Amino acid sequence: MSRTLFLALAGGALLSLPASAQIASGLVREGDAPAGAPPGHTVSSITDPAVNKATGYAVGLSTSDGVTTLSHFWGEPTLSGAPAVIRTEATIGNLVQNSFESFWGYSDAGQTAYSPLCENTSTGGTSLDCVFLDGTVLCEEDQPIASLPGKLWRFGSRPGVSADGIPYWIGGIDDATTGANEGRGLFLGASGTVIMKSGDVLPGTGGPLDGGGISFDYRFSARITHYLVEVD
């Protein structure tokens, strides 16, 4: 099945009308050669779209030249220019990025919060779950959690970012000494401040959060003033 991403555009007075009154415009489809992709690469799949609070839009893409498949994010952060690839797999420091998780976030300035699998050329680790904000690594599987001394990241997933560029994600927690699985947490900011984690007792819950007790179904408001989390 061939897929196409559409954008419904409304200008001026039309902004207050329902979506049915807007004019849909095709943006990208399978087989296209998107601006910013390597020569010879065409779109092979389209994944989760994203919007920000600055009228920007973007979408996850995979492209292929018949030999190599690459993950990208493609779009335009302010609706004022031509869309192009804004992020693609790269080698950042000692981490070689591979496929991107389809869940990701897009700030007003066009920053991307995303979760690739990585190879660590220093440790030899492969298929490491990581979280990045653009070119900055926030979470790397088997590495220390700065906000939780004595703990290691087991995974990082479902990242997002606020309108003004503050990242957040769900991370798995292991004990650094025993390797024991200690559940997961909700983390915020470049330093990975833990908002809540397995074992915490929250008001009105009647007991501690269990090992998988923080759901991947969570949301932060655009300015990080509120969040909504499903817990067990």
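The values are calculated or read from the model by the stated rules, or taken from the named source; none is laboratory data. Because the structure is predicted, anything quoted here is derived from the model rather than measured. Neighbour counts run over all protein chains shown; Cβ positions are idealised from the backbone, glycine included. Remember, those area values only see protein heavy atoms, side chains included, never the ligands or the DNA or RNA. Shrake-Rupley method; radii C 1.70, N 1.55, O 1.52, S 1.80 Å.
So the values come out like this:
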item: GNM result for the chain, Cα springs below 10 Å: residue of 167, 34, 149 fluctuating most strongly; result: 149
item: Summed residue charge, Cβ within 10 Å of residue 125's Cβ, Lys/Arg positive, Asp/Glu negative; result: -4
item: Gyration tensor (alpha-carbon) shape descriptor, segment 131-232, a/c threshold 1.5; result: oblate
item: Lys, Arg +1 and Asp, Glu -1 on Cβ, resulting dipole of the chain about Cα centre, debye, nearest 20; result: 560 debye
item: For residue 118, solvent-accessible area (1.4 Å; no DNA, RNA or ligand), Å²; result: 0 Å²
item: Karplus (6.51, -1.76, 1.60) ³J(HN,Hα), θ = phi - 60°, over segment 125-134, in Hz, Gly and Pro reported as x; result: x, 10, 6, 7, 6, 9, 10, 10, 10, 6
item: Neighbourhood charge, 15 Å Cβ-Cβ cut-off, centred on residue 88 and excluding it, Lys, Arg +1 and Asp, Glu -1; result: -3
item: Prolate/oblate/rounded label for the chain (Cα gyration tensor, a/c 1.5); result: oblate
item: Cα pair distances of segment 31-104 binned at 5 Å [whole percent]; result: 4, 17, 26, 24, 18, 9, 3, 0
item: Interchain or long-range residues, amide H under 5 Å from residue 50's placed H; result: 58, 59
item: Within the chain, percent of DSSP bridges classed antiparallel, to nearest 5; result: 100 percent
item: Local electrostatic count at residue 199 - Lys and Arg +1, Asp and Glu -1, tallied over other residues with Cβ under 9 Å; result: -2
